[in-house]
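A.B. asks: Structure provided below as structure tokens; questions to follow.
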Amino acid sequence: MTAASRVHSYTPPARQDVYCLQGRAWGYPGNCQFSTYSQCMATASGTYAYCGINPMYAFERQGRQLR
């Protein structure tokens, strides 16, 4: 085995808490286990729920931009 064949590119895992399923049954901020808006909306489909950005994630990003 050569050194080149052992080299693996690293892709960091997607954040699992970017989007939250929200609604009467979930409260606020809701079920925040979704890394994409599409995943969240697929879960919300057919229910009285909707998806929003996780406020913890939104404020974290905002804080980084202000510095």
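Nothing in this text is a laboratory measurement; each read-out follows from the coordinates by a stated rule. All values reported here derive from a predicted model rather than from experimental measurement. All Cβ positions, even for glycine, are placed from backbone atoms using ideal geometry, and neighbour counts span all protein chains on display.
A.B. asks: Report, by chain and number, residues whose modeled amide H sits under 5 Å from the one on residue 33, excluding near sequence neighbours (fewer than 5 apart, same chain).
C.D. replies: Distant-sequence amide H within range of residue 33: 21.
A.B. asks: Continuing with this model, one more query. Where does the charge balance sit around residue 40 when Lys and Arg score +1, Asp and Glu -1, over other residues with C-beta under 13 Å from its C-beta? Each step should come with its number before you reach the end.
C.D. replies: Details: positive: 15; negative: 17.
Net charge in that neighbourhood comes out at 0.
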